[in-house]
Amino acid sequence: MRKVLLTKELSEENRALFSGIPDVELVGVKEGDAAGFAVKIKEAEALLLSTAFKMTKEVIDTAAKLKVISRTGVGVDNVDIKAATEKGILVLNTPEANSISVAEHAVSLIAGISKQLLFYDRELRTGNFKVRRMNLCVDMEGKTLGLVGCGRIGRLVAKKCAAAFGMKAIGYDPFVSADIDGIRIYKDIEDVFKNADYISLHMPLTDDTKNLVGVRLLSLMKPTAYLINTARGGVVDEQALAQILRDKAIAGAAFDVLSAEPPAADNPLLALGNIILTPHTAALTNECTERVAHEASLGIADYLKGNTPKYVFNRERITEGKK
């Protein structure tokens, strides 16, 4: 039997994608069952991978039959791409399935921190109605949105902010050299941090982007500016950000992602009142969860049928290795 290991439950509709493919067995493992995963991955030809498990080199080396890893999401930072590629394993992702949901979450964080919704909610519940006179809110209309990463999600955030709040967008992306979708592209990331009222991060976590947003860039932000992160926690130096927020050198921040998840109790951001934190939920809407699972399942089904999946993250590296 050709075993497909599932690290998340699939709907009947998504399970049906595998019907008609001969000799396929769907095998599940529950989140947190590291021991069960370690045993079952050894027999799997395909893996539908969520964020709950990591495919390190050590794990990949034990998976002698593995031919394809299909990641439920855009990011593949829980997969050792080099090790997988060396083994000839296709690494798939779902770059389009969660774009709308993450963009909506980013815009919601922008609105939430601008209008101090969580702070006012907490104060009202303790009987502090007079807090309304503190005038902590700011308007979003006509402000400048700065994007670091101008891919699908970044462009959607710019579009939604322009439509809802009349914002203008500026951006930096090492892979984009000309203005795109109404976003003025700067060649220097520093110019974005200097000029934006909101900085929204939309880049992957790589060796080049790890702790990219640190003291140098944070110190360039306006004291009235906000930092929004729905990308990956590791792209921000959290110690540096915590100090900036404690000093009130910027107006605030709103993050859906942290460098360690779940965060340690001593993460300095947890104790601060001028940051909104959500538990990596941007893509976990009812609709998005189904879309992502569908696309990840479809990629595996295509492979099992002998077809080339639509989104192969390491396509070029696999091709180069065959030359």
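When the chain is treated as a Gaussian network with alpha carbon springs shorter than 10 Å, the biggest mean-square fluctuation among LEU258, LEU145, LEU277 belongs to LEU277. Surface composition of the chain: carbon plus sulfur atoms contribute 52% of the solvent-accessible area (1.4 Å probe, protein chains only, all chains present).
Within the chain, the whole DSSP H helices whose Cα atoms reach 20 Å or more along their own axis and whose mean Kyte-Doolittle score is at least 1.0 are 99-114. In region 131-285, the alpha-carbon atoms span a convex hull of 126 Å³ per residue. FRET efficiency for the LYS310 to GLU13 pair, using the beta carbon distance and R₀ = 25 Å, is estimated at 0.85. Ranking SER70, VAL4, ASN135 by how far each Cα lies toward the positive end of the dipole of region 1-156 (charges on Cβ) leaves ASN135 at the top.
For region 3-80, rounded, prolate or oblate, judged on the Cα gyration tensor with a ≥ b ≥ c (square roots of eigenvalues), a/c < 1.5 rounded, else prolate if a/b > b/c? Prolate, because a/c is 1.5 or more and a/b exceeds b/c. Site pair ASN128 and LYS65 shows an inter-label distance of 5.9 nm when each label is modelled 7 Å from Cα along Cα→Cβ. Taken about its Cα centre, the chain carries a charge dipole of about 300 debye when Lys and Arg each add +1 at the Cβ and Asp and Glu each add -1 at the Cβ. With a cut-off of 18 Å on the backbone N, the residues of region 76-111 near the modelled label site 7 Å out from LYS54 along Cα-Cβ are 76-85.
Using only alpha-carbon positions, what ratio does the radius of gyration of region 175-251 give when scaled by 2.2 N^0.38 Å? Against the compact-globule rule of thumb, the ratio is 1.09. In this simple spin-label model, placing a label point 7 Å from the Cα along the Cα-to-Cβ direction at both ALA34 and ILE21 gives a separation of 2.9 nm. Springs join every pair of Cα atoms under 10 Å in this Gaussian network model of the chain, and among GLY252, GLY171, GLY28 the largest mean-square fluctuation is at GLY28.
Cβ-Cβ distance of ARG184 and ALA264, R₀ of 41 Å, FRET efficiency by 1/(1 + (r/R0)^6): the value works out to about 0.60. When the pairs LYS159/LYS310; LYS168/LYS210; LYS3/LYS210; LYS54/LYS160; LYS159/LYS222 are compared against a 30 Å limit on Cα-Cα distance, LYS3/LYS210; LYS54/LYS160 fall above it. For VAL102, the shell of other residues with beta-carbons less than 10 Å away shows a net charge of -1, using +1 for Lys and Arg and -1 for Asp and Glu. Projecting the alpha carbon convex hull of region 238-323 along each direction and taking the average yields 9.3 nm².
Per residue, region 24-101 exposes 43 Å² of solvent-accessible protein surface, assessed with a 1.4 angstrom probe and all protein chains in place. Note on ILE276: accessible area is roughly 20 Å² with a 1.4 Å probe, heavy atoms of protein only.
Ranking CYS150, SER259, ILE318 by how far each Cα lies toward the positive end of the dipole of the chain (charges on Cβ) leaves CYS150 at the top. Averaging 1/r across all pairs of distinct Cα atoms in the chain and inverting the result yields a Kirkwood radius of 21.2 Å.
In angstrom, the C-alpha Rg and Dmax of region 1-150 are 22.3, 68. Gain on full extension, evaluated as 0.36 nm per residue between LYS115 and ASN211 minus their Cα-Cα distance, stands at 31.7 nm. Projecting label points 7 angstrom from Cα along Cα→Cβ for LYS248 and CYS137 puts them 2.0 nm apart.
The values are calculated or read from the model by the stated rules, or taken from the named source; none is laboratory data. Remember, it's a predicted structure, so these values are computed and weren't measured experimentally. No Cβ is skipped: glycine too gets one built from the backbone with ideal geometry, and neighbour counts run over all protein chains shown. Areas reflect the complete protein model, heavy atoms only, side chains present, ligands, DNA and RNA absent. Shrake-Rupley method; radii C 1.70, N 1.55, O 1.52, S 1.80 Å.
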